[in-house]
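What follows is a single structure, and I will ask about it in a moment.
The values are calculated or read from the model by the stated rules, or taken from the named source; none is laboratory data. Quick caveat, the model's predicted, so the values are computed rather than measured. So basically every Cβ, Gly included, is an ideal-geometry build from the backbone, and we count neighbours across all protein chains shown. Just so you know, the surface numbers come from the protein's heavy atoms only, side chains and all, with ligands and any DNA or RNA stripped out. Shrake-Rupley method; radii C 1.70, N 1.55, O 1.52, S 1.80 Å.
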Amino acid sequence: MSRRQLERGQALRGMMGPGGVEPLPEEDTAATADCTVLHIDMDAFFAGVERLEHPETRGKPIIVGGTGPRGVVSSADYIARSYGVHSAMPMVRALRLCPDAVVFPPDGAAYRRVSEAVMDILLSVTPEVEPVSLDEAYLDVSGAHRRLGSPVRIAELIRRRVREEQNLTCSVGAAATKFVAKLASTRCKPDGLLVVPTDQVTAFLHPLPVGSLSGVGDKTEQTLTRLGLRTVGDVARVSAATLRSEFGSALGERLAALAQGRDERRVVPSAPDKSIGAEETFPRDVDDPAAIRRELLRLAEKVARRMRAAGQVGRTVVVKLRRADFTTVTRSRTLAEPTDVAHEINAAARELYAAAGMERVRLRLVGVRVEGLAPVSEAHRQLSLDEPETGWREAERAMDAVTRRFGADAIRPAALAKREENDV
């Protein structure tokens with residue numbers, strides 16, 4: 001396989017568009033037999049779902065994200081991307097670049113619904129599915145070979161079913177490791193398939209920029225560049241001892257391994273969330289403690305609802321406070337018992353906010369997160385002698401039933417309802 005082929009995104013079977021699937025030579029099937037790790041990445045997922053919901057936008061650029069003065073882009077379709085729009089870009093700048101774009105606020109419920117349908121397709125192929133986010137997942141298809149054929153055939157099957165059943169496209173990378181599979185799916189976007197056989201990993205990796213290595217952020221990339229290491233191949237030619245000396249034991253060893261295409265991580269089916277959180281960026285900086293406390297309550301309510309929906313409880317409450325100058329402070333507290341109750345999460349969040357000494361500091365963003373999650377079925381809660389059998393947990397679960405039937409705005413704490421009355 002030539003360097004030119006790789007740069008065009010064609011390793012053996014290479015990139016395939018919606019035009020169809022070409023026959024795979026028998027020798028290629030043998031060469032890719034160990035490429036049993038697939039990385040499935042939906043193409044511009046949020047924007048794609050919005051186009052399905054709004055067919056009148058056909059042919060127009062779509063941007064999903066916050067519409068306020070501080071809104072940021074969550075997703076942009078490939079038309080908008082051709083104008084230079086990308087995720088995490090301020091919405092104001094995105095609309096300057098692409099003024100004709102149709103903008104939609106994020107619709108989490110719709111994205112989760114379609115994501116579940118896509119995950120069902122993946123699970124019908126193999127139970128070895130590790131969701132990474134709503135729009136991407138790893139699969140280990142080594143156990144599906146006898147039933148469905150080679151990894152390449154399975155990847156083709158997945159892409160076809162996603163297109164036919166969900167009217168969306170995905171890109172698939174296939175390799176022997178998670179790291180290379182993810183890089184492959186990125187290189188063949190949109191709507192492509194890229195297979196990197198083990199004997200071609202070095203040729204695939206070494207021309208790539210150092211920023212392609214997992215865990216290399218801006219600071220690490222700057223350091224690597226300062227050392228004259230601009231490609232993955234440059235890093236591969238440096239000894240592991242030198243990398244450990246420069247970057248520390250853990251990161252140095254990881255860089256040395258990845259540059260050689262080594263990645264020991266395995267696909268972990270249905271890996272549980274490590275945390276559940278929510279945050280809010282204010283339209284204007286806020287220094288009113290009462291307004292901050294109301295926002296903490298709203299976020300605690302949202303986090304608790306998500307935890308109960310996921311069947312999770314957690315013990316550590318984290319508060320994130322971002323000043324107007326973008327400096328960020330986080331504070332955490334571990335509770336005596338795991339919880340999924342907004343009343344308890346909010347109480348801890350308010351205490352953390354007060355203890356941070358920032359009650360008169362102008363804040364740009366606040367967030368609430370619960371960590372140390374575990375299935376509610378495995379949590380054991382010890383009732384206090386004076387604690388009633390029916391309390392906040394039962395009340396909030398009753399509220400869940402109301403919101404499921406009548407919508408999220410049907411019932412809420414009085415403090416939040418009072419805030420809306422004052423805002424009218």
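Counting Lys +1, Arg +1, Asp -1, Glu -1, what net charge surrounds Thr220 among other residues with beta carbon under 15 Å of its beta carbon?
Charge balance in the 15 Å sphere: 0.
Take the cross-link list Lys178/Lys274; Lys60/Lys320; Lys60/Lys189; Lys219/Lys320; Lys60/Lys178; Lys182/Lys219 and give me the ones stretching past 30 Å between alpha-carbons.
Lys60/Lys320; Lys60/Lys178
Tell me the net charge near Thr57. Cut-off is 15 Å between Cβ atoms, Thr57 excluded, with +1 for each Lys or Arg and -1 for each Asp or Glu.
Local net charge: -3.
Sorting check: for 44-53, 172-181, 102-111, which peptide has the highest mean count of neighbouring beta carbons within 10 Å, and how do the rest follow?
Ranking, from highest mean packing down: 172-181, 44-53, 102-111.
Checking the a/c ratio against 1.5 first, then a/b against b/c, what shape does the Cα gyration tensor give for the stretch 214-260?
It is rounded, given that a/c, with a ≥ b ≥ c, falls under 1.5.
Using only C-alpha atoms and all pairs of different ones, pull out the Kirkwood radius for the stretch 260-320 in Å with one decimal.
Averaging 1/r across every pair of different Cα atoms and inverting gives 14.6 Å.
Could you tell me the accessible area of Asp199 in Å² (1.4 Å probe, neighbours in place), rounded to the nearest ten?
For Asp199, solvent-accessible area is about 120 Å².
Right, another one. State the antiparallel share, in %, of DSSP beta bridges confined to the stretch 40-159, rounding to the nearest 5.
75 percent
For Cα pairs less than 8 Å apart in space and 6+ apart in sequence, what is the mean separation divided by the residue count of the stretch 40-106, i.e. the relative contact order in percent?
Contact order relative to length: 34 percent.
Right, another one. Among rounded, prolate and oblate, which fits the stretch 258-380 when a ≥ b ≥ c are the square roots of the eigenvalues of its C-alpha gyration tensor, a/c under 1.5 means rounded, and a/b larger than b/c means prolate?
oblate
Taking Cα atoms of the stretch 47-154, Rg/Rh with Kirkwood Rh, to two decimals?
Result: Rg/Rh = 1.10.
Which order do Asp120, Asp77 take by accessible area at a 1.4 Å probe, largest first?
Per-residue accessible area, sorted high to low, gives Asp120, Asp77.
A further question follows. Can you give me the % of accessible surface on the stretch 214-356 that is carbon or sulfur? Probe 1.4 Å, all protein chains present, nothing else counted.
Carbon and sulfur together cover 46 percent of it.
Take the alpha carbon atoms of the stretch 103-166, find their center, do the same for the stretch 280-300, and report the distance between the two centers in whole angstrom.
Distance between centres, Cα-based: 38 Å.
Separate question: For the full complex of protein chains and a 1.4 angstrom probe, list Ser133, Ser142 by accessible area with the highest value first.
Highest to lowest solvent-accessible surface, that is Ser142, Ser133.
Which of the three applies to the stretch 141-182, rounded, prolate or oblate, going by the alpha-carbon gyration tensor with a ≥ b ≥ c and a/c under 1.5 meaning rounded?
Oblate.
Give me the 1.4 Å probe accessible area per residue for the stretch 72-166, excluding ligands and nucleic acids, in Å².
50 Å²
Rounded to the nearest 0.05, what FRET efficiency do Arg93 and Arg58 have when you use their Cβ-Cβ distance and R0 = 25 Å?
The value I calculate is 0.45.
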